[in-house]
Each structure stands twice: as C-alpha cells, then as structure tokens.
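Participant: Okay, handing you the structure first.
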Amino acid sequence: MTAITSNISSARDEFLAALKDTQVSSGQLLDMVLELARISDVLEPFLPNEHYAINGRQPYWSSDYFNKQKVFARQNFSKERLEHLIEVREFLRQRGDKGFAPIMRSHQSVAPQNPQSQSDYQPTNNLKKFVAQGDLLTIRTALRIEFNDNRLDDHQLYAAVKWMKEQVTDIFESYSEKAFARGIESDSSQWTSEYFGNQVVYLKTNFSEERFLHLIEVRQLLRERGEENFAPADSTEPKATSRARSASQSPQRPRSGSQQSTASAHSELNPAFKAALLIGGAIAAVVVFLIALVR
C-alpha cells in the first residue's frame, strides 16, 4: 500500500468514525464531504446494490439501520452513501436517539503559556495522535495545521516546535529556496493574509524550522492587526461553517487542473478545517489526512 492509498483509507476511516461524534454537526459533516470530493480518488462512484440499498423511508431509520449503512459506506465510499448517512444521523439526532443526540460538554480552553516558561506546555491531541503513529508526512501536516487553531497563541506554537523537536528528531529539514519554496520577506509591511497562505504552501515544499518560526511571527502580526481568519478564538461550542442544508444537497464537483491546485494550495485556511480542529477527534484527523494528500 502506497502512502497515498494509506492516507485515503485513513481519511475514510476517520470520517466514518466522526459520524458517531455527537459534537460534530450535520453541517460540519456536509462541509467535510465537500472537501472529500475536491481531492481525487477519496470518493468512489455510487454503486447500487440490492444488498446495499438506500432506504429513503424514515420509519425504517434506526441506529441498527445507520450502523449497517456505515458498513456499506465502507465498501462503497461514495458521496451518495455519505450524504444518506448524514441525513439518517440528523434524523436520529432530532429524534433524540441514544448515541446520536448532542451532548452538552464543557469545552476547556487551551491554557495560555507564559512566554518565559514553556515547561507546562501540553500538545494538542492532534499532535500527540500523529506523533504516536510515527508517519513523518502526517506528523508534519498535523504540526502545520496548528496554525489553523485560533485558540493557540504564538507562545504555544513556539512551545509546540520545541516539543516536536524533542519527539521527532528529523521533523525539520534544512532551509532552502526553490521553485515552490520562495524566500522569506523580512519587511513586515508586506505580510498579508495572502503572503501567509503562500508561505504555508512553501513550508510544504521545504519544511524547515526557519519557515515555521517565520510563519508564527507573521501569524501573530496578522492577529494583532485584527485580520479576518486570524483573530484569537476561545474553545466554545464550534459552529457549523455553512448555512443549514438538507442532506440531499450535492457537494460541488471536484475542480481540475490549475483550479484544483490553487484551491488546494490555500486549503489549510479553510473555515471548515478550522471548525474541525476546534472539535478535535476523528473529524480533525480527517483534515490532517486530506491536507497530507494535497502535494
């Protein structure tokens, strides 16, 4: 199994696991289906099958029916089956079925770090999960998308770098400049959200400590300026990233050619991904695997 097929398989597994997370809304799951559809080979064509038939009649929808459809979706990971699962899940949530109804939890904020002492730093669950798995590509991806978690300040990101270097000795490579990893701009007046997005892309090509530390500095300046998408956030209940939609709506078709490359290049600033990171767990892991698939 290649790294790509392994990541596709893992993204599918994590998405199906996220369906059982009561903290994840139907809107967030539908947003994630959109992202799955934008990356080639993640979704499969729908395969009608008398044994895997979709039953559109709500009286037959139960937790047992939902679990069987999850098994079928694992065998035919198609847009149609995923949307049907989300629709059934929402029906069971609204009905208040055990294991589906949202559970009110107290969301603990990420504790602010003293800039003079980072000894009490606690890595996010996403970082710990992928470090434990040991795959360098997904570890780097998980560290990179820490920039998306607006609960984290610059001190916590610096601490994350220090912790990561202790856990994974080869996490960073030497700084270099090349076609898809242009140089660092020292003039802070040129630091814009677009510049930040471009530097994130360059970091993918040249995952150096210099680039990562520079991104922390740029991000902090954008936060201080009050730039959209960079404002500090608390860890209150994440909101859906899109307006309420029926599960029968179809996601957009995957983009092709340069359009897909452009969309993928800035995908790490995606509001749907930011919301997923706030929730954590399987839905956040989906983000890591999807971004790892975009080269």
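Participant: Hey, G99 hits all of (1) within 26 Å of A11 (Cα to Cα); (2) in a helix (DSSP H, G or I); (3) at pLDDT below 95 but one; which does it fall short on?
Facilitator: The single condition G99 does not satisfy is (2).
Participant: Within region 16-30, track down each residue that is crowded, with 22+ Cβ neighbours inside 10 Å and farther than 19 Å from R95 by Cα.
Facilitator: Result: Q28, L30.
Participant: Between residues in region 66-83 that are within 15 Å of V42 (Cβ to Cβ) and of a type in the set (S, T, N, Q) and residues that are crowded, with 19+ Cβ neighbours inside 10 Å and at pLDDT 95 or above, which pairs lie under 8 Å by C-beta distance while being six or more apart or on different chains?
Facilitator: These pairs meet every condition: S78/L43.
Participant: Being of a type in the set (D, E) and under 11 Å from S63 (Cβ atoms) is the filter here, so list the residues in region 81-100 that pass it.
Facilitator: Once the filter is applied, which keeps residues that are of a type in the set (D, E) and under 11 Å from S63 (Cβ atoms), region 81-100 yields only D97.
Participant: In region 123-232, which helices (runs of 4 or more DSSP H) lie fully inside it and hold 2 or more residues that are polar (S, T, N, Q) and surrounded by 16 or more Cβ atoms within 10 Å (Cβ to Cβ)?
Facilitator: Correct list: 136-144, 193-205.
Participant: Give the residue that is nearest to L278 (Cα to Cα), with candidates limited to residues of region 37-72 that are out of contact with any helix residue (DSSP H, G or I) (no Cβ under 7 Å at 6 or more places or on another chain) and of a type in the set (A, V, I, L, M).
Facilitator: The selected residue is V71.
Participant: A follow-up question, please. Looking only at region 1-55, filter to residues that are part of a loop (DSSP other than H, G, I, E, B), β-branched (V, I, T) and in contact (Cβ under 8 Å) with a residue 12 or more places away in the chain; which one of those is farthest from F66 (Cα to Cα)?
Facilitator: Top of the filtered list is I39.
Participant: Looking at region 84-103 only, could you name the residues that are surrounded by fewer than 17 Cβ atoms within 10 Å (Cβ to Cβ) and free of Cβ contacts under 8 Å to residues at least 40 places away in the same chain?
Facilitator: Q94, R95, G96, D97, K98
The values are calculated or read from the model by the stated rules, or taken from the named source; none is laboratory data. Since the model is a prediction, treat every value here as computed from it, not as a measurement. Don't worry about glycine lacking a Cβ; one is built from the backbone with ideal geometry, like all the others, and counts go over all protein chains shown.
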